[in-house]
Every structure is written in C-alpha cells, then in structure tokens.
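For reference, the structure is listed below as structure tokens.
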Amino acid sequence: MKDKHSTNNTQSSVHRTRHSALGELLLALADDEFVTGYSNSEWTGIAPLLEEDLAFSSLAQDELGHARLLYELLSDVERMGVGSWGMGDEEFPSPIPHPPSPDSIAYGRPPSGFRNAQLVERPRGDWAYSVSRQFLYDTADYARLESLCRSAYAPLADAAACIIREEKYHLLHARTWLQRLASGGDEARDRQRAAFEALWPDALGLFEPLAGEAELVEAGILPDACASLRDRWLSSIAEPLRRLELPFPFVERAGGWAILVAPAYGGRLGEHSEHFRQLHENITSVYRLDPHATW
C-alpha cells in the first residue's frame, strides 16, 4: 500500500501534467485565432468587393478578440499556478504574483513558441484560396467550440460559449462564399477546387493531437479527443462538399473516416513555415520596440 507521501507525490504529478496540458490547449486555441485574425486582415482594402473589405476586417477583429479572451484565460491559469487544481496549498507553490500578460503571451514569444496549426499561417493566396481556407477553418473551429462548451473547466466552457455566438456569423459568411464560388464560372470553380486540393493536409492539422491530450480528456477539460472531433467535423461538411463536387479525400467507414491524404502536422509542436516567421516579425515589431510599455 502506498504511504500518504507517495500518494501526494503521485497526485502532484498528475495535477502538474494537467496544468501543463491545459496551457498547451489554450495556446493552440488562442494562437489559431490570433494568426487567423492577422491573415484575414491582409484583405482589408484589396478584397474584390467593398463589402468584403468590411467583412474580412470584421472577421479579423472578431478572431483577434477571441484570441485575447483565450490569452487572458491562460494568464489567469498561470497566475493561479498548479494549486488552482484544488490540491492542498502545502503541496504546491503559491499563485505567482506577476503572471504573463495577454500581450506578452501574444507578442513576446519566438515563432517556435506558437502552437497554431499551419493552415492559418500560409500566404494569403487568391480570393478562392482565402475563402476556402476560411470555410475549412470556421467549420472546424465551430465543431471544436461546440465540444468545449461542455468542458469541465468552467472558465474555458464559458469562453467557448461566448466565442461561438460570433462564430455563427462566420459560418454564414463561409457557407455563402462556398456556394457562390461553386456556382460561378469555370475559372471560379477551378480556383476553388485547386484551393481545396492544396488546403486539405493543413486543414487536418487543426486536429493534430495535443500534448497531454489523454489527461485533458480524462479530466473532462477536453470533452472529445482530437480524432473524434475531426470525424465529427468531416461528417458535418461532407454533404455540401460532395454536392458541389469539391475535393473530399475521405471515405466513410464504420467508426469514422478513412483519410486519403497525409495531414500536415507540426504546428502544435512549434514547427512553422518561413512565411510564418516573416509574419511573426511583422506582427511583433511594435511590441519588440518596448516590451514593457503600457498600451
């Protein structure tokens, strides 16, 4: 039989693992939104329609707001320390007095510190590429948020419930353009098909397994494993993509989907493209001038 000291050490190790895994989950969620926001903002002033100048600017603003909410949640988690998991104070350090701020989390990390999927960091491409990418991202993000609304970690469930209210409008925009391009002329359809062919590996990277995922699922913090979420997402978009005769490299089988394209993994481990390093240089340039400034 284990003595009390051994049991406490085991519990301490479990809670530290969950704390670290929660941090990785929040970073992945926030970084996806953060980089997506900056990517969308690149269309401001050059979109093919004035209405889309406004629409993509609004999408970008929403995503950056979602990222800030999640970075604030991560800052709170860091401030409370591992002790926030409810173990005795004697087993864990006191909450840290100066946790990283949302700005320092967002702008103070090197590219290798980011956990965003590679889908959101690719070059802007043409209009068909951007709106097709947004369709894949928004539908995947919605599936993820629906799951997180059931998270056992109440602050995360509340944040997901807040974010998903705006994501409903993002979905409407994405579905409208999916249909609009597919119903256009030959060039529009060809560009859309080419975009989906190029995007599928990166889109699957949104569901790259997370560090500590098993612990998060066991604790109910992550209600569904990434593979389960991926299959749910594919089921939700299979009908419109097949109906519009767009590339859909998956075969439905009992218990899930057979994937016929290799996923582009690595983003959740800090592996990013040269384009992301250039983007990172641009978006952190002002912060790096004076990281201690008060904005």
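The values are calculated or read from the model by the stated rules, or taken from the named source; none is laboratory data. Nothing here was measured: the structure is a model prediction, and the numbers come from that model. Neighbour counts run over all protein chains shown; Cβ positions are idealised from the backbone, glycine included.
Restricting attention to region 17-72, the residues that are out of contact with any helix residue (DSSP H, G or I) (no Cβ under 7 Å at 6 or more places or on another chain) and either at positive phi or not in a helix (DSSP H, G or I) (or both) add up to 3.
For the residues L59, L50, L70, the requirement of being surrounded by fewer than 15 Cβ atoms within 10 Å (Cβ to Cβ) and either farther than 17 Å from L145 by Cα or of a type outside the set (K, R) (or both) singles out L50.
Report whether or not S57 is among the polar types (S, T, N, Q) and under 25 Å from L269 (Cβ atoms). The answer is no for S57. Quick check on region 170-188. Is at least one of its residues basic (K, R), surrounded by 13 or more Cβ atoms within 10 Å (Cβ to Cβ) and within 26 Å of A55 (Cβ to Cβ)? Yes, the conditions are met somewhere in region 170-188.
For I221, indicate whether it is farther than 23 Å from F114 by Cα, of a type in the set (V, I, T) and crowded, with 16+ Cβ neighbours inside 10 Å. For I221, the condition - farther than 23 Å from F114 by Cα, of a type in the set (V, I, T) and crowded, with 16+ Cβ neighbours inside 10 Å - is not met. Of all residues in region 262-291, those that are in a helix (DSSP H, G or I) and either surrounded by 15 or more Cβ atoms within 10 Å (Cβ to Cβ) or polar (S, T, N, Q) (or both) total 10. So, R191, is that one of a type in the set (K, R) and over 20 Å from G37 (Cα atoms) or not? Criteria met by R191.
If we scan region 233-253, do we find a residue that is within 20 Å of A30 (Cβ to Cβ), in contact (Cβ under 8 Å) with a residue 60 or more places away in the chain and among the hydrophobic types (A, V, I, L, M, F, W, C)? The answer is yes; a qualifying residue exists. Has region 101-109 got at least one residue that is of a type in the set (S, T, N, Q), part of a loop (DSSP other than H, G, I, E, B), at pLDDT below 95 and over 26 Å from E281 (Cβ atoms)? No. Restricting attention to region 168-186, the residues that are of a type in the set (D, E, K, R) and in contact (Cβ under 8 Å) with a residue 40 or more places away in the chain total 1.
Checked against the criterion of being in contact with a Lys or Arg (Cβ under 7 Å, 6 or more places away or on another chain), at negative phi and in contact (Cβ under 8 Å) with a residue 40 or more places away in the chain, the candidates H275, H280 yield just one match: H275. If you go through region 118-141 and pick out every residue that is in contact (Cβ under 8 Å) with a residue 40 or more places away in the chain and within 13 Å of the chain's Cα centre (by Cα), you end up with 10. With respect to R243, determine if the residue is modelled with pLDDT of 95 or more and surrounded by 14 or more Cβ atoms within 10 Å (Cβ to Cβ). No; evaluated as a whole, the condition is false for this residue.
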